[in-house]
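What follows draws every value from the coordinates through simple rules; no lab data is involved. Everything numeric here is computed off the predicted structure, so don't read it as measured data. Glycine also receives a Cβ, built like all others from the backbone with ideal geometry; neighbour counts cover every protein chain displayed.
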Amino acid sequence: MESQDNIIKFNHVSFKYNSDEPLALNDVSFDIPKGKWTSIVGHNGSGKSTIAKLMIGIQKPLEGDIYFDHQRMEPEHLNNLREHIGIVFQNPENQFVGATVEYDVAFGLENHAIEHDVMREIVPKVLKDVDMLDRLDYEPQSLSGGQKQRVAIAGVLALNTKVIVLDEATSMLDPAGRTELLNLIRHLNIEKDVTIISVTHDLSEAADSDQMIVLNEGSIFKIGKPKEVFSHGEELTKIGLDLPFSMRMNQMLREESEYITYEGLLSEL
Ligand SMILES: Nc1ncnc2c1ncn2[C@@H]1O[C@H](COP(=O)(O)OP(=O)(O)OP(=O)(O)O)[C@@H](O)[C@H]1O
Ligand SMILES: [Mg+2]
């Protein structure tokens, strides 16, 4: 990538959960460019969620350093950090604190010391954004998996942070809901310069991002623009990734492994 400002930097970061276990992350270095969309992909257990937890300071590196906006992350900065990074965790179950959907979204705002009048405007707006306005007074626990994900996303949208981390945050949504939310997030990214870091198993979503980080067994396997990364198609399949449909088709059609958009494929055909 051309020279640009980085909002997050991992510098030779290693991490393990328990001292008697192997490293969950092994000497991982990368930059997250400000205002761009970075996707993180890799097989189950490759370390994606661990990266997300380190990014927001839930876990601390065993070795190496993490920088947020050029400042080395220290425990005393963590409260400040939470104002800048919003995260939707992989498992929304563990994320609810409010007795109702409405209160849950409001609670996050209260933590950010947002005035009550402002809160009354923001909460319905973000619930509408995720198509959950009609569930305002439901208990979060009574929602379906996809509905929980929507509420968790609303909670992060409400905070209006400059960085949003999505850990498989749309995995349980139906295709229409997914497309809608990805469009909304893309809108925040393009129009409001929000930096997006999205952990995903969906390589066609990753193909639309600005930068891809591919993990394999706790180490960086590849980093680059999707086009560069996908040019290593066969290696990606070997580490357990499923290539986007349009790319597999393209590979079958001609012995070339460049990523091609769906539209591009149609015109080829
Ligand atoms: N709370 C934990 N305690 C101990 N080990 C953990 C914990 N969470 C993750 N690990 C281990 O760390 C490694 C990386 O896990 P991580 O959750 O980061 O993977 P992931 O890439 O997010 O996988 P998935 O696609 O399944 O979500 C795995 O080997 C896992 O067993
Ligand atoms: Mg995970």
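Plainly put, the range 52-101 has a radius of gyration that is 1.04 times its Kirkwood radius, both from alpha-carbon atoms, as the Rg/Rh ratio. Measuring how big the range 154-201 is from its alpha-carbon positions, Rg and Dmax come out at 10.4, 27 Å. Computed over all pairs of different Cα atoms, the Kirkwood value for the hydrodynamic radius of the chain is 19.5 Å.
Hey, could you get me the Stokes-Einstein D for the range 155-238, Kirkwood radius over alpha-carbon pairs, 4 °C and 1.567 mPa s, rounded to whole µm² s⁻¹?
Numbers: Rh = 14.0 Å.
Roughly 93 µm²/s, to the nearest whole number.
Just round it to a whole percent: the fraction of Cα-Cα distances in the range 54-199 exceeding 19 Å. Percent of Cα pairs beyond 19 Å in the range 54-199: 52. Starting from a Cα-only point model with no solvent, please compute log10 I(q)/I(0) by Debye for the range 91-172 at q = 0.23 1/Å. Normalising to I(0) and taking log10 leaves -1.10. Taking amide H atoms as placed 1.01 Å from N in the peptide plane, the amide H of Ser198 lies under 5 Å from those of Thr38, Ser39, Ile40, Leu166, each 5 or more residues away in sequence or on another chain. The long axis of helix 116-129 is offset from the longest Cα principal axis of the chain by roughly 40 degrees.
Per residue, the convex hull spanned by the Cα atoms of the range 1-84 measures out at 104 cubic angstrom.
Sorted on the mean count of surrounding Cβ atoms within 10 Å across their residues, most packed first, peptides 145-156, 175-186 read 145-156, 175-186. Here is how the number arises for the chain: DSSP H runs of 4 or more residues each give -39500 (n - 2.57), the sum is divided by the residue count, and the result at 222 nm is -11000 deg cm²/dmol.
Over the chain, what is the mean sequence separation of C-alpha contacts under 8 Å (at least six apart), divided by residue count, expressed as relative contact order in percent? Show your work: numbers first, answer last.
Details: 469 pairs, mean separation 64.3, N = 269.
That works out to 24 percent.
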